[in-house]
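Colleague: Following this message is one structure expressed as structure tokens.
The values are calculated or read from the model by the stated rules, or taken from the named source; none is laboratory data. What you see is a predicted model, and the numbers here were worked out from it, not measured in a lab. Cβ: placed from backbone, ideal geometry, glycine included. Neighbour counts: every protein chain shown. Calculation scope for accessible area: heavy atoms of the full protein, side chains included, ligands and nucleic acids excluded. Shrake-Rupley method; radii C 1.70, N 1.55, O 1.52, S 1.80 Å.
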Amino acid sequence: MPVPVPRQRAIPAVESGQAQAAPAVRGLSGASGDPGTEAPRKEAHKEEKAAKTTSTLTDTNLTLLLIEDDPGGSPIVPELLDQAGKPIRIRTARNLTEAERLLTDDVHCILLDLALPAPGRADDSDDELSVLRHVLELAPRHAVLALTASGDAERGAEAVRVGAQDYLFRDELDGRLLSRAIRYAVERKRSDTAERRLAEGRLRAQENRRLERGLLPTPLLHGSSLRFAARYRPGRSRALLGGDFYDVVRTPDGTVHAMIGDVCGHGPDEAALGVELRIAWRALTLAGLCGDELLNTLQQVLEHERSDDEIFATLCTVDIAPDGRRGGLCLAGHPAPLVARPGRAPRLLPYDNNGPALGLLPGARWPRMQVELGREWSLMLYTDGLIEGHIGEGRERLGQDGMVEMISRQLSEGLRGEALLRAAVSEVRDLNGGELTDDVAVLLLERA
């Protein structure tokens with residue numbers, strides 16, 4: 001989404017480095033700029049620039065925003081210097097409206113006079129720290145120092161509990177103390193922010209693990225000699241699931257059924273539809289449906305559950321006979337699986353009778369093809385995210401031929417099971433020059 005760019009404001013000479021800070025200032029407001037020329041701060045702009053505030057304090061001059069309604073009432077501050085000896089730039093706002101205009105992303109710390117009147121609200125009438133709460137809402141990512149009267153330590157301590165990084169007494173303030181307090185407040189704010197993000201990351205990881213257990217399938221292969229492995233990578237940043245889905249179950253007659261599919265699109269609606277189709281497939285398979293009858297019922301499910309008539313899903317289903325030597329294959333607009341046998345080059349299973357994707361043609365048919373697998377084999381089902389990544393910087397894509405060649409080489413290197421799928425997805429990502437834009441799901445069944 002485009003980010004609004006603030007209008008250029010007039011920067012005082014002491015801020016721009018064209019003049020030295022005055023050796024004596026009648027108040028902290030002596031270096032303020034013209035608040036009327038600063039564009040309002042935009043929330044989207046704050047999001048974009050927030051990450052840039054993690055540089056060390058020695059990389060740039062510190063900027064302090066003083067919010068007080070009586071510029072002449074502050075003590076004389078000879079000169080504010082940061083840890084590197086650079087002058088600290090100062091801006092002054094007489095109220096929160098001016099503060100919002102001056103609160104650009106280069107401000108590192110806010111010095112707030114707690115005696116400043118807060119914007120009138122009925123619920124703030126008895127709250128001595130209402131102005132602080134307003135500032136914390138206005139600048140949640142900035143360090144805040146509370147300025148209060150000498151002897152009012154209780155109010156200052158309460159300000160820290162509310163959210164300020166520290167408090168200072170107005171009549172005990174000097175340049176050295178303030179410089180040190182600013183550095184401390186900025187670093188404490190950064191530390192608090194990093195700790196909060198770490199806690200949020202841990203919580204998100206825990207939630208994702210719980211969601212994975214509920215949304216990604218647990219194979220039902222009890223009693224089968226086949227080995228199973230799967231790899232899943234959603235295309236959307238921070239997404240848990242994409243539109244790809246897969247499952248494997250063994251029915252009471254000993255047949256092992258495997259499925260992999262792909263709902264067009266990459267959003268949460270497509271991910272939800274993929275989960276619905278997977279659950280429906282499992283239920284229908286355990287109920288004894290297979291082949292054309294199963295796919296026709298799944299198409300009805302998709303037509304009822306999709307949010308748009310243009311949404312469709314590709315699907316590949318395989319059923320392995322109890323003896324493990326042969327199987328049936330149905331394709332609904334999906335890439336054909338890859339089979340590898342000892343002493344033979346990996347190849348794609350036949351796809352001449354590939355039917356249309358689910359949701360495209362009412363009354364479509366999906367013929368079941370019989371395939372001979374043999375005594376020992378590896379069968380890999382995959383979605384098109386594995387084969388549509390680019391190769392290098394050009395427009396050429398890996399394609400099915402490139403995938404077959406890659407898997408053949410990795411098998412010759414002795415990779416099997418999880419290790420094979422991990423290497424395949426990793427190499428496809430490297431060939432693409434970074435993260436893949438499409439979801440990737442890969443499923444592997446092996447009979448040793």
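Colleague: Heavy atoms only, probe 1.4 angstrom, no DNA, RNA or ligands counted: give me Arg183, Arg141, Arg375, Arg397 ranked by accessible area, highest first.
Modeller: I get Arg375, Arg397, Arg141, Arg183, largest accessible area first.
Colleague: Leaving out ligands, DNA and RNA, and with a 1.4 Å probe, what % of the accessible surface on segment 336-378 is carbon or sulfur?
Modeller: C and S fraction of accessible area: 50 percent.
Colleague: How many nm is it between the label spots at Leu411 and Arg227, if each spot is 7 Å from the Cα in line with the beta carbon?
Modeller: Label-label distance for Leu411 and Arg227, simple model: 1.4 nm.
Colleague: Would you mind getting me the FRET efficiency between Glu396 and Ala283? Use the beta-carbon distance for r and R0 = 56 Å, nearest 0.05.
Modeller: 0.85
Colleague: Would you mind computing Rg(Cα) / (2.2 N^0.38 Å) for segment 337-448, counting N as its residues?
Modeller: The value comes to 1.16.
Colleague: Leaving ligands, DNA and RNA out of it, rank Ser225, Ser179 by accessible area with a 1.4 Å probe, largest first.
Modeller: The ranking, largest first, comes out as Ser225, Ser179.
Colleague: Another question, then. Return the FRET efficiency for the residue pair Glu293, Glu435: r is the Cβ-Cβ distance, R0 is 41 Å, and the value is rounded to the nearest 0.05.
Modeller: Efficiency, rounded to the nearest 0.05: 0.60.
Colleague: Now for a separate question. Can you figure out the FRET efficiency of Asp69 with Asp166, using R₀ = 35 Å and their beta-carbon distance, to the nearest 0.05?
Modeller: Efficiency computed from Cβ-Cβ geometry: 0.95.
Colleague: Could you tell me the accessible area of Ile88 in Å² (1.4 Å probe, neighbours in place), rounded to the nearest ten?
Modeller: 10 Å²
Colleague: In nm, what is the difference between 0.36 nm times the number of residues separating Arg197 and Asn95 and their Cα-Cα distance?
Modeller: 33.6 nm
Colleague: Count charges around Met259 for me, please; just the other residues with Cβ under 12 Å from its Cβ, Lys/Arg as +1, Asp/Glu as -1.
Modeller: Combined, the nearby Lys, Arg, Asp and Glu give -2.
Colleague: In nanometres, what is the gap between the two model label sites at His304 and Asp323, each 7 Å from Cα along Cα-to-Cβ?
Modeller: 3.9 nm
Colleague: Moving to a separate point now. Can you list residues from other chains, or at least 5 along the same chain, whose modelled amide H is less than 5 Å from the amide H of Ile110?
Modeller: Leu65, Ala143, Val144, Leu145
Colleague: Mind listing P(r) for segment 259-329? All alpha-carbon pairs, 10 Å bins, whole percents.
Modeller: In whole percents, the pair-distance histogram is 18, 51, 24, 7, 0.
Colleague: Hey, any idea what % of segment 240-307's accessible area is carbon plus sulfur with a 1.4 Å probe?
Modeller: Of all accessible area on segment 240-307, carbon and sulfur atoms account for 52 percent.
Colleague: State the extension gain, in nm to one decimal, for the chain segment bounded by Arg365 and Glu137, taking 0.36 nm per residue of separation less the distance between their alpha-carbons.
Modeller: 76.1 nm
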